[in-house]
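Every read-out reported here was derived from the displayed coordinates using simple, explicitly stated rules and does not represent laboratory data. Quick caveat, the model's predicted, so the values are computed rather than measured. Counting neighbours? That spans all protein chains shown, and the Cβs are built from the backbone with ideal geometry, glycine included.
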Amino acid sequence: MDAATTRHPALDLPFDAEAILAGLRPWVECESPTFDAAAVNRMMELAAREMALLGARIERIPGRMGFGDCIRARFPHTAAETTPGILVLAHLDTVHPVGTLEKLPWRREGGLVFGPGVFDMKGGTYLAVEAMRQLLRAAMATKLPVTFLLTSDEEVGSPSTRDIIEAEAARAKFVLVPEPARPDGGVVTGRYAIARFNLRTTGRPSHAGSTLAEGRSAIREMCRQVLAIEAMTGEDCTFSAGVIHGGQWVNCVATHCDLEVLSMAKRQADLDAGIERMLALQSSSPDVMLEVRRGVTRPVWEADAQVMALYAHARSLAQAIGFDINSQSSGGGSDGNFTGAMGIPTLDGLGIGGAGAHTLNEHVTVASLVPRTKLLAGLFATMA
Ligand SMILES: [Zn+2]
């Protein structure tokens with residue numbers, strides 16, 4: 001990487017916040033919840049078309065496990081196709097079900113723009129495309145070939161795409177992840193380790209009125225487990241029960257209850273210990289069976305010297321643009337966990353500024369659009 005001693009012209013490309021918003025709006029209005037593969041595929045087509053218009057070669061990677069497809073877009077470059085380049089890694093699925101637009105329509109209030117997925121992470125992904133668009137328009141070649149990988153299932157821990165991400169990252173020299181910026185605008189140079197678990201209790205059925213005493217409630221046992229699991233939370237590792245489903249008829253003692261739990265730790269060893277505790281859980285009743293299955297895991301990603309060098313380069317670009325960034329390790333996971341843990345220099349949190357991810361208050365700040373797009377353009381143009 002060059003020291004940014006001379007100001008690169010990519011930092012002065014004519015980015016325009018209004019034009020960016022006009023282009024981003026159709027992305028936000030194309031709802032794409034992870035569990036709706038057809039909806040995610042519509043979003044993939046929108047992004048693929050846009051990048052095809054820029055001259056990128058588009059490859060569609062079929063989805064599996066019921067999830068949507070992924071898109072790989074290779075931008076034209078004079079280097080051989082096998083030259084390790086910059087991988088831009090982004091997900092186009094969101095946590096918001098189809099219909100969220102009725103409650104959270106695209107709307108602008110002063111310096112904020114609201115919408116499902118606008119912050120996490122259609123906004124940042126769009127900025128990365130916009131950065132490429134202006135570089136290409138100005139015929140400013142990037143030093144390294146740039147490939148975008150757009151994935152379909154990040155919001156559920158990337159069960160169907162981890163292999164694609166790791167295969168693509170193995171061919172890359174650097175990975176840039178335009179996930180949302182940290183609240184103070186900082187970028188992400190490390191992420192905690194995360195594990196997910198699926199639990200099921202199986203009880204004994206009976207009529208909830210006439211033969212109540214014969215039944216053994218799967219819900220009741222799971223409630224005990226929830227309290228025990230969340231009580232294991234400590235400094236080293238956290239445990240949170242986020243999804244619970246049980247029972248079908250109010251006049252039946254429930255025979256099944258399902259629970260999903262998420263654990264997070266700053267250190268891999270602490271997460272591994274937490275995983276052992278979860279897998280060792282026992283039912284408190286001999287008549288109710290408890291199963292604990294381990295779901296997807298994100299390995300810890302800790303910054304090394306290469307990551308910090310990449311961050312230092314990004315910071316010098318930001319300062320040349322006119323703002324400052326810091327580097328943070330983030331509690332939330334992302335696909336950057338995979339590439340960072342592989343040792344491929346990864347910089348994450350490069351996306352848009354805003355707040356309210358995963359809520360009906362999700363929004364971005366208009367003021368962040370141009371500076372963050374310039375930062376991405378500067379990185380694409382100068383990383384070598
Ligand atoms: Zn995200």
From the backbone phi of region 107-117, what are the Karplus-calculated ³J(HN,Hα) couplings (6.51 cos²θ - 1.76 cosθ + 1.60, θ = phi - 60°) in whole Hz, Gly and Pro given as x?
-> 8, 10, 10, x, x, 10, 10, 9, x, x, x
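Find out how many positive minus negative residues lie around Trp106, taking Lys and Arg as positive, Asp and Glu as negative, among other residues whose Cβ is under 13 Å from that of Trp106.
Values: positive: Arg25, Lys103, Arg107, Arg108, Lys122; negative: Glu29, Glu31, Glu102, Glu109, Glu362.
Result for the neighbourhood of Trp106: 0.
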Around Gly63, which amide H atoms from residues at least 5 apart in sequence, or from another chain, sit under 5 Å from its own amide H, with H modelled in the peptide plane?
-> Asp69, Cys70
Any chance you could check the Cα centroid distance between region 11-78 and region 171-249 for me, in angstrom?
-> 31 Å
Arrange the peptides 45-57, 253-265 so that the one whose residues have, on average, the most other Cβ atoms within 10 Å appears first.
-> 253-265, 45-57
Helix 218-231: inclination vs the chain longest Cα principal axis, degrees, rounded to 10, gives 50 degrees
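Around Gly85, with a cut-off of 12 angstrom between Cβ atoms, what is the net charge of the other residues, counting Lys and Arg +1 and Asp and Glu -1?
Values: positive: Arg74, Lys143, Arg171, Lys173; negative: Glu81, Glu168.
Charge balance in the 12 Å sphere: +2.
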Percent antiparallel among DSSP beta bridges (both partners in the chain, rounded to 5) = 75 percent
Can you give the calculated 222 nm mean residue ellipticity of the chain, where each DSSP H run of n ≥ 4 adds -39,500 (n - 2.57) and the sum is split over every residue, rounded to the nearest 500 deg cm²/dmol?
-> -10000 deg cm²/dmol
In whole Hz, the Karplus estimates of ³J(HN,Hα) for region 85-102 (6.51, -1.76, 1.60; θ = phi - 60°; x where Gly or Pro) are x, 9, 9, 9, 10, 8, 10, 10, 7, 10, 8, 8, x, 4, x, 4, 4, 5
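Please express the shape of region 193-298 as an equivalent ellipsoid: the semi-axes are the square roots of 5 times the eigenvalues of the C-alpha gyration tensor, given largest first in whole angstrom.
Working: eigenvalues 180, 26, 20 Å².
Those come to 30, 11, 10 Å.
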Quick one: helix 123-137 against the long Cα principal axis of the chain, what's the angle to the nearest 10°, folded into 0 to 90?
-> 20 degrees
Roughly speaking, what is the stretch gain from Thr82 to Gln306, that is 0.36 nm per residue apart minus the C-alpha to C-alpha distance, in nm to one decimal?
-> 78.5 nm
Under the Debye formula (equal points on every Cα, no solvent term), log10 I(q)/I(0) of the chain at q = 0.07, 0.10, 0.13 Å⁻¹ = -0.35, -0.67, -1.03
Cross-link reach list, aspartates and glutamates versus Lys103, counting only Cα pairs under 16 Å and skipping chain neighbours closer than eight places | Glu29, Glu31, Glu362
Along region 313-318, Karplus-curve 3J(HN,Hα) (6.51, -1.76, 1.60; θ = phi - 60°) to the nearest Hz, with x for Gly and Pro, reads 5, 4, 5, 5, 5, 4
Once the Cα atoms of helix 17-28 and of the chain are each reduced to a long axis, what angle between those two axes, in degrees from 0 to 90 to the nearest 10, is obtained?
-> 30 degrees
Distance in Å, no decimals, from the C-alpha centre of region 279-298 to the one of region 323-337 is 32 Å
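Considering only the other residues whose Cβ falls under 12 Å of the Cβ of Ala355, what net charge follows from Lys and Arg at +1 and Asp and Glu at -1?
Values: positive: Arg182; negative: Asp120, Asp184, Glu362.
Result for the neighbourhood of Ala355: -2.
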Starting from the amide H of Ala208, placed 1.01 Å from N in the peptide plane, find each other amide H under 5 Å away whose residue is 5 or more places distant or on another chain.
-> Cys252, Val253
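Any idea what the relative contact order of the chain is, in percent, if you count C-alpha pairs under 8 Å spaced at least 6 apart?
25 percent
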